[in-house]
Every structure is written in C-alpha cells, then in structure tokens.
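Reviewing the structure listed below.
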Amino acid sequence: MRSASGVARGRAAVLDALRRQPDPVGIDALAHATARHPNTVREQVNWLVAHGEVIRIRQPRDGRGRPAWLYQARGPRPADGEYVELAAALAWQLQDSEADTRAEAMAAGRRWAADLVDRKGVTPDPSPAAARRWTVELMDELGYGPTTEGPDDLDVVLHRCPLLQAAHRFPDVVCAVHLGMVQAVLESNGGGPVEPQLTPFSAPGECRLRLGA
C-alpha cells in the first residue's frame, strides 16, 4: 500500500508536469513523463480535477470512438510558453502535411531557432563549446530541464518536454522540429555544421540529445 506522503508526492509530480505544458496533455503522455503507470496517473489526475487544481478537456475527434480526455493545470502558462506552443502547433500541422514531413519539420525548427536567436541574441565569443553551452542554457529557459554529461557537454539529458502531448502522438515530427532548432542554434553561435541526434523517451521521463559527433 502506498503511503500518504508517497501519494502526495505523486500528485505533486503530476501537477508539476502539467504546469510545464502550454497545451492539454493525455494520461499516456503524462505516464511517460513522470515514469508512472497510467492507472496511477489517472487516479492522481482525477484527484487533482476534483480538488480544482486541474481541468479536463475532450481531445478533438480524429477518428472512430470516443475522444480521450486531456488535462491542463489551472493558472498561467510557463515562461516562453508562446514559443513552445507555436512549435507544438507546427508539429500537429506538419503531421497532416503531404510534403516531406521530416524536411518540413526540420525547416520549421530552424525558423523557430531564428526567432529565438533574434530574441535572445548570440554568445559574445562564438565557438563549438560556447555554442553547446548557449544551446543548453536556451533549452533550460524553454523548460526542457537539461543536464549535460561527459567532459565536452556533447550529451544532454532532457528531463522534461514542453511539447509532451504532441511528442507522444507524433514523436518523429516533434523530434525533427527540435533537431532543426538545435542545429540552427548551434550554427548561429559558432558550432559549425553539426548533425545533432535526439533519442525520444530514451528512459522513463527523459530524452537524450547529442550535440555533435
């Protein structure tokens, strides 16, 4: 039997995950993000709904059957939510595109990067190492919860995904948007031509990003 404190911590973790999302999120995506069983997450979300911390919204119908419930924390969106929400909208739109979805998603990510760089500026001392640091700093500001590994900060573990629902539904599209963004940000800060690699949901609650060879 779970202790009262354990249940409370579980609810807090689910609520924290929802507060970091600009858009409503489904149970399965929340379970991935919090490394919990979907049934446990459903219990915790239902409690949060009953106590006014979370609202639930019907997912737009996109096929047969009853649309699933999506959940959203009450209160303001996270900082930079407008940029993340734009990326999520692009991912959903590109999923239905008849064009080369990956190429279009990469291009969309590069356009997103140009907007971010224009807003934030670039590092004053461009170099591959500075570009990696700047990229990790940016992803932290956007809510990805990055931590670096290795002596050269080439490997980054992303502990949160602000595009959680879209990433769960369309991982290839969302990852391509992210890769295009990261690639352009690195290049803008002296990283040179690079081919970043992203492994979605490499472990419960995290994705793994490699910033270079």
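Quick notes on this one:
- Just one of the numbered conditions (1) among the hydroxyl-bearing types (S, T, Y); (2) buried (at least 17 other Cβ atoms within 10 Å of the Cβ); (3) under 30 Å from Y71 (Cβ atoms) is not true of T147: (2).
- Against the conditions (1) assigned to a helix (DSSP H, G or I); (2) within 15 Å of the chain's Cα centre (by Cα), R160 satisfies every one except (1).
- From the list R74, R20, R11, R2, the one residue that fits, being at pLDDT 80 or above, under 26 Å from A203 (Cα atoms) and of a type in the set (K, R), is R11.
- Exactly one residue out of R36, R9 is without any contact (Cβ under 8 Å) to a residue 24 or more places away in the chain and farther than 13 Å from Y71 by Cα: that is R9.
- For region 126-145, the candidate set comprises residues that are touching a residue at least 24 places away in the same chain (Cβ under 8 Å) and of a type outside the set (A, V, I, L, M); within that set, the residue that is farthest from G192 (Cα to Cα) is G143.
- Pairs are defined by a Cβ separation below 8 Å, a sequence spacing of at least 6 or placement on different chains, a first member in region 107-122 that is modelled with pLDDT under 90, and a second member that is aromatic (F, W, Y); the pairs so defined are W112/Y83; D115/Y83; L116/Y83; V122/W134.
- Residues in region 120-166 that are in contact with a Phe, Trp or Tyr (Cβ under 8 Å, 6 or more places away or on another chain), of a type outside the set (D, E, K, R) and within 20 Å of R20 (Cβ to Cβ): 6 in all.
- Flag if Q197 is among the polar types (S, T, N, Q) and in contact with a Lys or Arg (Cβ under 7 Å, 6 or more places away or on another chain): yes
- Test: residue in region 60-69 that is among the basic types (K, R), modelled with pLDDT of 85 or more and farther than 30 Å from A184 by Cβ: no
Results for (1) surrounded by fewer than 17 Cβ atoms within 10 Å (Cβ to Cβ); (2) in a strand (DSSP E or B); (3) of a type in the set (S, T, Y), shown as yes or no for each residue.
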position	(1), (2), (3)
A105	no, no, no
A131	no, no, no
D140	yes, no, no
A167	no, no, no
V173	no, no, no
V185	no, no, no
T199	yes, yes, yes
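The values are calculated or read from the model by the stated rules, or taken from the named source; none is laboratory data. Here the structure is a predicted model, which means the values were calculated and not measured. We place every Cβ from the backbone using ideal geometry, glycine too, and count neighbours over all the protein chains shown.
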